[in-house]
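First up is the structure itself, then whatever we jot down about it.
The values are calculated or read from the model by the stated rules, or taken from the named source; none is laboratory data. Since the structure is predicted, the reported quantities are computational estimates derived from the model, not experimental observations. Cβ placement follows ideal geometry from the backbone for every residue including glycine, while neighbour counts extend to all protein chains displayed. Heavy atoms of the whole protein, side chains included, go into the accessibility calculation; ligands, DNA and RNA do not. Shrake-Rupley method; radii C 1.70, N 1.55, O 1.52, S 1.80 Å.
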Amino acid sequence: MSYVDEIIEAVVAKNPSEPEFHQAVKEVLNSLRPVVDANEEKFRREALLERLVEPERQIKFRVPWVDDKGQVQVNTGYRVQFNSAIGPYKGGLRLHPSVNLGIIKFLGFEQIFKNSLTGLPIGGGKGGSDFDPKGKSDREVMAFCQSFMTELCKYIGENTDVPAGDIGTGAREIGYLYGQYKRLTGLYEGVLTGKGLSYGGSLARTEATGYGLLYLTQEMLKMNGIDIAGKTAAVSGSGNVAIYAIQKAQQLGVKVLTCSDSNGWVYDPEGIDVAALKEIKEVKRARLTEYRNYRPNSEYHEGRGVWSVKVDLALPCATQNELHLEDAKALVANGVTAVAEGANMPTTLEATEYLQEQGILFAPGKAANAGGVATSALEMSQNSERLSWTFDEVDAKLQGIMVNICHNMADAAERYGFAKNYVAGANIAGFEKVVDAMLAQGVV
Ligand code: NDP
Ligand code: 2IT
């Protein structure tokens, strides 16, 4: 059996009931076959793949807090410190009822290669909790965040592990987490990113993931002789990534026809109204059913459906495994040109393979959504030098990083004979730097 197949089998056997982690490992390792085959003897002796799929550390802890009725609630907290070969662990905190160890491990594993692709010195980690911020009062969210940080603060620091936002963790949560870290440790340091601008945050971090997604998509289209201006797009989600993806798409001349939340989706034939979306989601924290109050010509549909709309570009920006094989078939039947992942692993393996077979340009999340963590690393740089850069400076750096990632993934694919297979290209390009650092640092 090949080394890659042995490791995939071992991961499944050793980590039962973690299907998302299996999926992420399979996708990455399958596309690394040519690199692994070329170095098999050395990698086996070094147990390189065994080390790569085993987190350096996994922390799981109790998070008790008191709700507004005086009732004690208990959630589970996680931080998986996956790989620190190229820098301190870096990755978001997800707050969603679906969170379990397997979800955090899949996200942490992806983060290793994504962070490497940014070209910046950040290792891979991820954390979160099965706490659901939806419907909670600000005081309840604060109580949870303070309890969560009371345990987490023992394991993080500006030079060891720097968490950030993800699903359910936005500016409000980062603020409460930061305040508690400072109170417990007495340290005013860049231990979290996505901070508010008044206490060490970076301009353009809020916009970065969505903007970066569009910068990479624009470049990928350009490399293939296609102009992004004048295209139509379907976006899923209506959170941080989706909102700023829609905004940047519109600035680039793309008409975005859809967005969604976990209850339903909106079709707006005139193009999504970003100001309305921001008010509904960022200010009111309400549901998308409200969108029709702002845009009477739009449609609201319960359930799933954004991928049934005829568009040139599909940009999944909600969550994992939200674009299935039948969705991919519908997109292709409707003449889609490109799919670029704003979320982490939103496309199932079968759907990804189908899209690639059909010649659709496909940008994987670890490349396409890397603008968020890249700008987090820029926030870390600003915190270290105790300076703040302007919006335009950060945005220009972000654009440069996304264009570089795009070319690096295309070049790596080409080098190994997979021209235009950007999934393979992104995995290989991300892997090469991490492996080099792991081998140089010996058996650790
Ligand atoms: P938010 O919490 O701001 O928004 C998440 C959006 O996705 C909401 O519209 C939410 O709907 C929807 N959603 C979440 N879970 C589900 C689900 N199980 N089924 C259907 N819809 C769902 O998160 P972000 O925008 O920050 O994150 C979106 C994706 O992007 C995630 O995969 C995240 O890991 C990834 N990402 C985020 C980065 C960042 O900087 N924030 C960076 C890189 C990747 P509802 O409100 O109804 O739950
Ligand atoms: O998935 C991701 O890259 C993020 N949620 C952002 C992580 C970060 O450290 O900014």
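Residues that are among the aliphatic types (A, V, I, L, M) and closer than 14 Å to Leu95 by Cβ were ranked within region 132-170; the one that is nearest to ligand 2 (Cβ to nearest atom) is Ala164.
Does Lys60 count as closer than 19 Å to Pro97 by Cβ, within 23 Å of the chain's Cα centre (by Cα) and not aliphatic (A, V, I, L, M)? So Lys60 fits the description; yes.
Within region 190-222, the set of residues being touching a strand residue (DSSP E or B) at 6+ places or on another chain (Cβ under 7 Å), within 14 Å of Tyr244 (Cβ to Cβ) and within 13 Å of ligand 1 (Cβ to nearest atom) comprises Gly194, Leu213, Leu216. Checked against (1) out of contact with any helix residue (DSSP H, G or I) (no Cβ under 6 Å at 6 or more places or on another chain); (2) within 21 Å of Leu192 (Cβ to Cβ), Lys134 passes all but a single condition, namely (2).
Within region 54-76, being touching a strand residue (DSSP E or B) at 6+ places or on another chain (Cβ under 8 Å) and of a type in the set (D, E, K, R) holds for Glu56, Arg57, Lys60, Arg62, Asp67. Residue check: is Met409 of a type outside the set (Lys, Arg), touching a residue at least 12 places away in the same chain (Cβ under 8 Å) and at positive phi? No. Taken together, Ala340, Ala370, Ala412, Ala363 contain a single residue that is more than 16 Å from ligand 1 (Cβ to nearest atom), within 22 Å of the chain's Cα centre (by Cα), modelled with pLDDT of 95 or more and buried (at least 21 other Cβ atoms within 10 Å of the Cβ), which is Ala412.
Could you list, ordered by first residue, the pairs with Cβ atoms under 9 Å in which the first is in region 262-275 and acidic (Asp, Glu) and the second is modelled with pLDDT of 95 or more and part of a loop (DSSP other than H, G, I, E, B), at least 6 apart or interchain? Pairs that qualify, where the first residue is acidic (Asp, Glu) and the partner is modelled with pLDDT of 95 or more and part of a loop (DSSP other than H, G, I, E, B), are Asp268/Arg295; Asp268/Asn297; Asp268/Ser298; Glu270/Arg295; Glu270/Asn297; Glu270/Ser298; Asp273/Arg295; Asp273/Ser298. Of all residues in region 171-189, those satisfying the criterion of being open to solvent by 30 Å² or more (accessible area, probe 1.4 Å) and within 15 Å of ligand 1 (Cβ to nearest atom) are Ala171, Arg172. Highlighted here would be helices (runs of 4 or more DSSP H) found entirely within region 1-101 that include at least 2 residues which are of a type in the set (Val, Ile, Thr), surrounded by fewer than 16 Cβ atoms within 10 Å (Cβ to Cβ) and touching a helix residue (DSSP H, G or I) at 6+ places or on another chain (Cβ under 6 Å), but there are none. In the set (1) at pLDDT 95 or above; (2) open to solvent by 30 Å² or more (accessible area, probe 1.4 Å); (3) not in a helix (DSSP H, G or I), Gly442 fails one condition alone, (2).
Is it the case that some residue within region 386-408 is touching a strand residue (DSSP E or B) at 6+ places or on another chain (Cβ under 7 Å) and of a type outside the set (D, E, K, R)? No, region 386-408 has no match at all. Consider Ser298 carefully, then state whether it is of a type in the set (S, T, N, Q), free of Cβ contacts under 8 Å to residues at least 60 places away in the same chain, surrounded by fewer than 23 Cβ atoms within 10 Å (Cβ to Cβ) and within 16 Å of ligand 2 (Cβ to nearest atom). No, not satisfied.
Checking each residue in region 317-337 for being within 15 Å of the chain's Cα centre (by Cα) and open to solvent by less than 20 Å² (accessible area, probe 1.4 Å) picks out only Cys317.
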